[in-house]
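Asker: Here you go, one structure.
The values are calculated or read from the model by the stated rules, or taken from the named source; none is laboratory data. Quick caveat, the model's predicted, so the values are computed rather than measured. Ideal geometry is used to build each Cβ from the backbone, glycine not excepted, and the neighbour counts take in all protein chains shown. The accessibility values were calculated without ligands, DNA or RNA, using every heavy atom of the protein model including side chains. Shrake-Rupley method; radii C 1.70, N 1.55, O 1.52, S 1.80 Å.
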Amino acid sequence: MKHRLLNPVTLAAVIAICILLGTGAFTRVWTPVHAAILTPVVHASVDGRSQPVLVELFTSEGCSSCPPADALLGQLDTEQFAAGAQAIVLSEHVSYWNDLGWHDPFSSQAFTDRQNEYGSRFSLSGVYTPQAVVDGEYEVVGSDRAKLVHAVESAATKPKVLISLEDVRWSDNAVTAQVQTGAFPKAILMAALADDSDRSSVLRGENQGRDLRHVAVVRTLIEIRKTAGPLDKLPIRISLPAGAHPQSKMRLVVFLTDGHTGHVLGVAMQAIPIG
């Protein structure tokens with residue numbers, strides 16, 4: 001498996017990063033900012049057998065190490081093989097591979113920025129692909145099935161804020177909904193609009209000639225507001241980027257994050273048939 005450094009670093013730093021992460025392609029290296037340490041807060045639990053857990057995969061069509069992680073995420077989405085968990089998955093395609101032979105049509109600088117924020121929170125020396133972040137609390141190499149399952153199952157043992165989505169509608173290239181939640185302290189309410197699935201034929205770069213498939217490809221990820229709950233039918237609206245067209249089915253994912261730790265306090269997903 002090929003590794004690529006996008007900026008020069010010392011040989012010692014390269015060796016240290018490779019030992020830490022094992023696999024993945026690396027990009028820019030920075031001095032991490034340590035997250036504040038806060039007293040844990042107990043949140044309301046979700047009734048039912050499975051606890052919703054958010055799994056974010058940072059990936060790129062330009063990275064030859066990513067297709068196995070993309071496939072694993074798709075399997076997790078359809079088979080739900082992590083005990084006690086309802087895995088709600090998102091594919092976030094980063095932009096830093098775009099100058100290395102293939103411009104990923106699903107990539108966004110916003111997802112690169114989000115991954116960099118996680119890199120700082122996890123005190124990593126640099127971000128890499130494929131990287132899976134589970135509930136904003138655990139990070140693993142996205143193609144490592146055993147570690148991914150362990151992280152999802154660990155996250156599923158934590159209590160969560162109940163989130164439900166009501167009156168979900170599609171019109172004018174946007175989705176509207178009402179968000180209902182249990183009680184929670186001040187947090188950030190986020191919403192993602194994702195294609196249910198996508199497929200690409202890669203013409204150049206490390207994956208040249210490959211037919212790639214993706215699941216839950218994020219097209220828009222926005223901060224709704226900083227707020228405290230419970231929320232009673234809070235209206236939200238999220239649009240596709242300009243020029244983007246909806247797939248036959250989209251996904252709306254809404255989640256709460258702790259503003260200090262980045263941990264996910266609750267998450268919900270609604271499939272949206274189009275047309």
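Asker: Identify, by number, the condition in (1) among the acidic types (D, E); (2) within 18 Å of A216 (Cβ to Cβ); (3) out of contact with any Gly (no Cβ under 7 Å at 6 or more places or on another chain) that D104 doesn't meet.
Answerer: (3)
Asker: Any residue that is outside any strand (DSSP E or B) and buried (at least 17 other Cβ atoms within 10 Å of the Cβ) - is there at least one of those in region 262-272?
Answerer: Residues of region 262-272 outside any strand (DSSP E or B): 262-263.
This time we only want the ones that are buried (at least 17 other Cβ atoms within 10 Å of the Cβ), so: 262-263.
Checking region 262-272: at least one residue is outside any strand (DSSP E or B) and buried (at least 17 other Cβ atoms within 10 Å of the Cβ).
Asker: Can you pull out every residue in region 221-233 that is farther than 16 Å from A192 by Cα and open to solvent by less than 50 Å² (accessible area, probe 1.4 Å)?
Answerer: T227, G229, L231, listed by residue number.
Asker: A further question follows. Tell me the strands (runs of 3 or more DSSP E) entirely within region 148-220 that contain at least 1 residues that are open to solvent by less than 50 Å² (accessible area, probe 1.4 Å) and of a type in the set (F, W, Y). Even if it seems obvious, please write down each step before you answer.
Answerer: Values: elements: 163-171, 174-181, 184-201.
Counting at least 1 such residues, we get 184-201.
Asker: Let me confirm something: among L100, L76, which residue is closer than 20 Å to V264 by Cβ and either touching a strand residue (DSSP E or B) at 6+ places or on another chain (Cβ under 9 Å) or assigned to a loop (DSSP other than H, G, I, E, B) (or both)? Don't jump to the end; show me each part of the working.
Answerer: Values: L100 fails: closer than 20 Å to V264 by Cβ.
Going through L100, L76 in turn, the sole match is L76.
Asker: Still on this structure, I have one more. I'm trying to understand the selection: among the residues of region 234-243, which are assigned to a loop (DSSP other than H, G, I, E, B) and either over 20 Å from the mean Cα position of the chain (by Cα) or surrounded by 17 or more Cβ atoms within 10 Å (Cβ to Cβ) (or both)? Spell out how you get there, then give the answer.
Answerer: In the first step, residues of region 234-243 are kept if they are assigned to a loop (DSSP other than H, G, I, E, B); the result is 240-243.
Selection gives L240, A242, G243.
To keep it simple, each residue is scored yes or no on (1) modelled with pLDDT under 95; (2) open to solvent by 40 Å² or more (accessible area, probe 1.4 Å); (3) assigned to a strand (DSSP E or B).
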{"residue": "V42", "(1), (2), (3)": "yes, yes, no"}
{"residue": "L54", "(1), (2), (3)": "no, no, yes"}
{"residue": "G62", "(1), (2), (3)": "no, no, no"}
{"residue": "P67", "(1), (2), (3)": "no, no, no"}
{"residue": "D104", "(1), (2), (3)": "no, no, no"}
{"residue": "Q115", "(1), (2), (3)": "no, no, no"}
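Asker: Mind checking which pairs have a first residue in region 125-143 that is surrounded by fewer than 24 Cβ atoms within 10 Å (Cβ to Cβ) and a second that is basic (K, R) and in a strand (DSSP E or B), Cβ under 9 Å, 6 or more apart or different chains?
Answerer: G126/R28
Asker: Which residues, counting only those in region 140-193, are under 16 Å from the mean Cα position of the chain (by Cα) and under 21 Å from P246 (Cα atoms)?
Answerer: Correct list: M190, A191, A192, L193.
Asker: For a quick check of your reading of the model, give me the residue pairs whose first member lies in region 184-207 and is touching a residue at least 24 places away in the same chain (Cβ under 8 Å) and at positive phi, whose second is part of a loop (DSSP other than H, G, I, E, B) and of a type outside the set (A, V, I, L, M), with beta-carbon atoms closer than 7 Å and at least 6 apart or on different chains.
Answerer: From residues that are touching a residue at least 24 places away in the same chain (Cβ under 8 Å) and at positive phi, the pairs are G205/G62; G205/G101; G205/W102.
Asker: Moving on. Of the residues in region 244-256, how many are assigned to a loop (DSSP other than H, G, I, E, B) and open to solvent by less than 20 Å² (accessible area, probe 1.4 Å)?
Answerer: So the first thing to find is which residues in region 244-256 are assigned to a loop (DSSP other than H, G, I, E, B), and the list is 244-248.
Next, only the ones that are open to solvent by less than 20 Å² (accessible area, probe 1.4 Å) stay: 244.
Residues in region 244-256 being assigned to a loop (DSSP other than H, G, I, E, B) and open to solvent by less than 20 Å² (accessible area, probe 1.4 Å): 1 in total.
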